[in-house]
Each structure stands twice: as structure tokens, then as C-alpha cells.
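Here's the structure we're looking at; comments come further down.
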Ligand SMILES: NC(=O)c1ccc[n+]([C@@H]2O[C@H](COP(=O)([O-])OP(=O)(O)OC[C@H]3O[C@@H](n4cnc5c(N)ncnc54)[C@H](O)[C@@H]3O)[C@@H](O)[C@H]2O)c1
């Protein structure tokens, strides 16, 4: 199969969807790897590195999209990329379609088969292709929050860890999954007082064991969140309902409860955001203020640390890329049914139930859209 690797074009995105390691593995499996010139530069991978492992360098994105049967990406396709998709393309990338009906419609109209990293599941129902970027984003969330709490950057002017004789800052993490756990780990490491709010009792149990008393775990409810907001210096939003738009956990009205110049970091912004006042921002202009509260809502946080993120992401995606290239979609799903919920759009239909509900369109099972045998038949 011909596997394409275009350069990411979202603003301040420096990751790439395949490393030289992946190019070598695909070549050894008999596939042809087509890399857009310069695609790896942001992650310190040169064209020569790819070529040394058997990849072919093509000058433009249009060349890659025209030739490749399987196109790999990192961020959701931008409008000019959507235009280059055809019914013969399989696109494998982050899509985050629930908050984006326009992109969903564009992908439907392209006829392409679009598999989203973030809704692929593993045997335990976890999200193995979201997890590595959530680990990165969780760690960045606390770093960014600490930074924007500094007075010259518009923050309250409080040091997360305090000093002897002066209290540490209060960090509230809402959502105790992969992002939340990693955000809390860094906040604990920076010696803040940390409170993790989570809805799942089983997850609360796991967190309690993992943190061994070094932070408080709290059952997440409107009242519990409201009671903590007046004390919080930094709030990190890290909730997720897979495939669906993020639930709203702090309303505009509740911002009034907070200290002036406290900081909100909305990591869930890629699923529409979990604070009512959030809107996506970029690394170039990461924050804005609403009612005296700083909001940091960068939708591609791991893009800022490509040398870590590219390798973490591709370590996780490579086995799926190989399966898709070796066996095609039907064969890959048969070998790993966790790929099936990854298919968000196929042959003009929306094939993930939560996405269909979020964008208000009909759900069609991927087998029906693609004319495949039902899984397990
Ligand atoms: N902005 C970025 O660059 C970036 C990068 C990576 C991940 N993300 C996003 O971060 C979000 C979290 O990802 P994750 O991997 O940690 O997901 P996850 O599934 O591991 O964790 C989400 C947690 O939220 C909990 N939850 C759901 N509703 C809740 C509520 N009302 N209150 C408290 N907890 C609630 C769930 O029980 C779950 O434990 C996702 O939207 C993901 O797409 C964003």
C-alpha cells in the first residue's frame, strides 16, 4: 500500500505523523512511504532520515494526497486538505468532529474513510491513541498554568509551590483520566495543594492508590466544584465523554466565585471545551480574559513539544498503521476490533454514534457504510 505523510499545516503544529522508524517498518512490510518534503523538520527528522529508511520524498502535499491510499496525519485536516481527499483515501489522524459539524460535512462530501485516533479503543475500553498526547497535554497544562499565574503575564502572582512559611497555590483538576492524572503529577511535583475531581468511582479508587495521599480526590458534582472555586488559583479542565462534545463543568456565572486573575486551562477544548467561556486559542496567542479570569485554551498543546510528542504519538499509532497497510480496513478491524470505533466517517456517512449525535446527523454503522461483513459475523 502507498502510505502518505503530509506536512502538518495547523498553526504552530510541529509534529509529524510518522518517524523514520515507522518508514523503515512499513518498508520492511513491503509498503511504499511517501513523505512531503520537510514534513519531519519541526520534529528534527530530516528528509534524508526518511530516505535512508526507504521513503520517497514528494515536493507538495498535493502529490502526497494524490498518490497515497492511506494518508497519516496528526491534527484534523484543514479545509485545503479536505479538498484533496477522495473516496479512495483512508485518512488516519486526530479528527475531534463532535464540536465541528462543518469539518464533518466536508469529510462526508469527500467520500473518504476517516479514522480518528481519539476514538480507537483497546481491550479495556481505553483510548490508546489519545493517551500519549493526553500525557503530554496534562503535563503542559500545569506548566502553562504556573506560567500564566505570574503577575507580569496577567496572573494572580502566586508561586504554585509556595515557600517555607507561605502557603502553596491550590490546583483544581476536573477530570481524573490521563490528562488529569498527568496534570496532577506535575502539580504535586511543583508542591502545589492539588484536588482532583472525577465522576467515575472506580477511577477515583485508582487515583487514590496512585497518589498515595499526596493529593485529594473528590467526587465531581456541581456543588463540589462550586465550593472549591473560591479557593482555586489554577483550574485544569480535563474531562472527556469519548466522541461526544465535552460536558460543561464551569459556567460563566460561576467565574464570579473565583479569585481575580486566577487561571483556567481548558485541555478539553479540542472537544469543544468544558468551561462555558472557553474558545480555542493557539500557541501564538494562548490566553484571553473573561470576567477577570485568564483562559488558556490551546487546542494542540502537544504541538509545542514535538520532539517528545511526535515520538510518543507514533510509538502508539505505528501498530495500527501497519495493520491498516497490511490488511486493509476490513482485515485490520477483524484483527483488532478496537479500530472499528475509530471509523468516524466513511463513504459519505457518519459512522460513530456519539459524533452523529453531536453534529445532529444520522448514524450509519461502519460495516453498512463500507459494505463490510459485520464484526464477529
Ligand atoms: N488541548 C489539547 O492539546 C489536548 C491534548 C490531548 C488531549 N486533549 C483532550 O483532553 C481531554 C481529556 O482527555 P483524557 O485522555 O484525559 O480522557 P480520559 O478519558 O482519560 O479522561 C477523562 C476523564 O473525565 C472524566 N469525566 C467525565 N465527565 C466528568 C465530569 N463531569 N467531572 C469530572 N470528571 C469527568 C471521565 O470519567 C474520565 O476519567 C479530551 O477532550 C482530550 O481530547 C486535549
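Remark: relative contact order (the chain) = 18 percent; criterion is Cα-Cα distance under 8 angstrom and separation of 6 or more residues. Where only DSSP H runs of four or more residues are counted, the chain gives -10000 deg cm²/dmol as its mean residue ellipticity at 222 nm, each run worth -39500 (n - 2.57). Going from the residue with the fewest nearby Cβ atoms within 10 Å to the one with the most, 203, 252 rank 252, 203. Computed on the Cα trace of the stretch 55-102, the radius of gyration divided by the Kirkwood hydrodynamic radius gives Rg/Rh = 0.98. Dimensions of the stretch 1-75 along the principal axes, based on C-alpha atoms and rounded to the nearest Å, stand at 34, 25, 19, largest first. Averaging Cα coordinates gives a centre for the stretch 1-49 and one for the stretch 326-376; these two points are 26 Å apart. Compactness of the stretch 128-186 is given as radius of gyration and Dmax, 13.0, 43 Å, from Cα positions.
Past the 13 angstrom mark, what percentage of all C-alpha to C-alpha distances in the stretch 69-128 do you count? Here the tail beyond 13 Å accounts for 60 percent of pairs. Remark: 214, 126, 15 ranked as 214, 126, 15, counting other beta-carbon atoms within 10 Å and listing the fewest first. From the Cα gyration tensor of the stretch 247-340, with a ≥ b ≥ c the square roots of its eigenvalues, which class applies: rounded if a/c is under 1.5, or else prolate if a/b is larger than b/c, or else oblate? Cα axes put the stretch 247-340 in the prolate bin. The angle separating the long axis of helix 178-189 from the principal Cα axis of greatest extent in the chain is about 40 degrees. For the stretch 19-174, the equivalent ellipsoid derived from the alpha-carbon gyration tensor has semi-axes of 38, 21, 16 Å in decreasing order.
Could you grab the Rg to Rh ratio for the stretch 150-222? Cα atoms only, Kirkwood for Rh. Please report the intermediate quantities before stating the final value.
Values: Rg = 13.1 Å, Rh = 12.8 Å.
Over the Cα atoms of the stretch 150-222, Rg/Rh equals 1.02.
In the stretch 198-322, the DSSP beta bridges split such that about 30 percent are antiparallel, to the nearest 5.
Rounded, prolate or oblate for the stretch 306-377? Axes are the square roots of the Cα gyration tensor eigenvalues, ordered a ≥ b ≥ c, and the cut-off for rounded is a/c under 1.5.
Details: a/c = 2.80, a/b = 1.37, b/c = 2.04.
Oblate shape, in that a/c is at least 1.5 and b/c is the bigger or equal ratio.
What fraction of the Cα pairs in the stretch 116-250, stated in percent, has a spacing above 18 angstrom? Before the final figure, lay out the partial values.
Values: 4976 of 9045 pairs.
Tail of the P(r) past 18 Å holds 55 percent of the pairs.
What number results when the radius of gyration of the stretch 206-287, computed over Cα atoms, is divided by 2.2 N^0.38 Å?
For the stretch 206-287, the normalised Cα radius of gyration comes out at 1.17.
With the convex hull drawn over the C-alpha atoms of the chain, the volume per residue is 139 Å³.
Counted over the chain, the DSSP beta bridges are approximately 20% antiparallel.
None of the figures in this text is laboratory data; all of them are computed from the coordinates on show. None of these values were measured; they are calculated from a predicted model. Cβ sites come from the backbone with ideal geometry, for glycine too, and all protein chains shown count toward neighbours.
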